[in-house]
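Remarks on the structure that follows.
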Amino acid sequence: RERLLDNLRDRQTATTDGRDITLSANVEFNHEFPLVESSGAAGIGLFRTEFYLLGKGEIPSEESQYQVYSEAARITAPHQAIIRTLDAGGDKLPAEPLPEPEPNPFLGWRGIRVSLTRRGMFKEQLRAILRASAHGRLGVMFPLVSGVGEIMQAKSILQECMDELDREQTPYDPGIEVGVMIEVPSAAMMADEIAKEVDFFSIGTNDLIQYTVAVDRVNKHVSNLYKPTNPAVIRLIKMTVEAANNNGIWTGVCGEMASDLLLTPLLIGLGVDELSVGTHQLPKIKKAIRSLSHAECATLADEALRCRFSSDILALTEKLAHRTY
Ligand code: PEP
Ligand code: MG
């Protein structure tokens, strides 16, 4: 079995009827970079930079960030490495000690909200990402965006960094892809407008589920309500993919849903273009995609979109998934 998965490593990831799915890797630390290649991933779909940035007591300098992002670019070339800007707060490490605890950290100062209020820190990260983009194919992605205004602000700061680098004659890739995490319901509902501002979407289902159903993702008391197949979540994913398609941009999924074999048929059927998963799960997901037909997954997704209960949607996707084991 191990050999079987080994053999799959270098193969393209397409369904039996020829729909290509980009299968990329989620990483949290730079020491995981070598695993990206050995897992057979087509690049990095999500580099959660907060572990690297906040794990050391103080935020690494622009120069050391540049080294790490350059390594990501080099190791994944010719594939893409998507660097997510700092996602602090909520269930994650705080960006800095707060004078008083937030009453609702999940609804508080987290994700892009932190970066937009700590411009100096944000610009150092963006400059490091831009400079590293000269060494491969990087993407930059903003977390916890809740509407069009935030993405416009983030983009204008990115443009400011590009202008600075131009003046300094420092090389970067002017065509670097800019994307946004779709993980807040308001962003999913505004996806048709947000799509006009970016090159790609990456759906963060971990947060999207928690905010859609109002269930804390780390609270055991309510975990019975935390269901990836919740019909409202499935509709929001569908809305997001449609908005992306209508605007000619691509959609990925980088939350845990992408790593769940039972849900692979459903996500493929909903029309996502990319799945970004942990390096350990990657070979299995690749094998599953290669044994599914996009047409049958699309029929399944249509049916799922008419369901009223999570359990019905799960049963539908399970039926197809079992065939892929
Ligand atoms: C998500 O929310 O699904 C996601 C990928 O981001 P994180 O788990 O880091 O919040
Ligand atoms: Mg998230």
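Exactly one residue out of 138, 144, 116, 86 is away from ligand 1 (no atom under 15 Å from the Cβ), within 29 Å of residue 214 (Cα to Cα) and either under 18 Å from the mean Cα position of the chain (by Cα) or among the aliphatic types (A, V, I, L, M) (or both): that is 116.
Residue check: residue 248 meets all listed conditions (1) surrounded by fewer than 16 Cβ atoms within 10 Å (Cβ to Cβ); (2) over 20 Å from the mean Cα position of the chain (by Cα) but one, namely (2). Considering the conditions (1) surrounded by fewer than 18 Cβ atoms within 10 Å (Cβ to Cβ); (2) more than 16 Å from ligand 1 (Cβ to nearest atom); (3) on the phi > 0 side of the Ramachandran plot, residue 189 is excluded by exactly one of them, (3).
When region 120-148 is filtered for residues that are of a type in the set (Ser, Thr, Tyr) and either farther than 17 Å from residue 163 by Cα or modelled with pLDDT under 95 (or both), only 146 remains.
Taking the condition more than 19 Å from residue 140 (Cβ to Cβ) and away from ligand 1 (no atom under 16 Å from the Cβ), does residue 78 pass? Here the answer is no, as residue 78 does not meet what is asked.
Please verify whether residue 151 is within 16 Å of ligand 2 (Cβ to nearest atom), touching a helix residue (DSSP H, G or I) at 6+ places or on another chain (Cβ under 9 Å) and under 21 Å from residue 235 (Cα atoms), treating the condition exactly as stated. No; evaluated as a whole, the condition is false for this residue. Within region 277-316, the set of residues being of a type in the set (D, E, K, R) and closer than 21 Å to residue 19 by Cβ comprises 284, 286, 287, 290, 296, 302, 303. Within region 16-33, the set of residues being over 12 Å from residue 286 (Cα atoms) and of a type in the set (Asp, Glu) comprises 17, 28, 32.
For region 142-168, the candidate set comprises residues that are among the acidic types (Asp, Glu) and free of Cβ contacts under 8 Å to residues at least 24 places away in the same chain; within that set, the residue that is farthest from residue 254 (Cα to Cα) is 168.
Of the residues 48, 74, which is in contact with an Asp or Glu (Cβ under 7 Å, 6 or more places away or on another chain) and either farther than 16 Å from residue 87 by Cβ or at pLDDT 95 or above (or both)?
Numbers: 74 fails: in contact with an Asp or Glu (Cβ under 7 Å, 6 or more places away or on another chain).
Exactly one of 48, 74 is in contact with an Asp or Glu (Cβ under 7 Å, 6 or more places away or on another chain) and either farther than 16 Å from residue 87 by Cβ or at pLDDT 95 or above (or both), namely 48.
Selection of region 193-233 for residues being outside any loop (DSSP other than H, G, I, E, B), more than 10 Å from ligand 1 (Cβ to nearest atom), among the aliphatic types (A, V, I, L, M) and farther than 16 Å from residue 106 by Cβ yields 194, 195, 232, 233.
Only one residue in 173, 163 is assigned to a helix (DSSP H, G or I) and more than 30 Å from residue 208 (Cα to Cα), so which one is that?
Details: 173 fails: assigned to a helix (DSSP H, G or I).
Unique residue meeting the criteria: 163.
Could you grab me the full set of residues in region 294-325 that are within 24 Å of the chain's Cα centre (by Cα) and more than 21 Å from residue 242 (Cβ to Cβ)? Residues satisfying the conditions are 310, 314, 318, 321.
The values are calculated or read from the model by the stated rules, or taken from the named source; none is laboratory data. Note that the structure is a prediction, hence the values are computed from the model and not measured. Here Cβ is always computed from backbone atoms with ideal geometry, including for glycine, and neighbour counts include all displayed protein chains.
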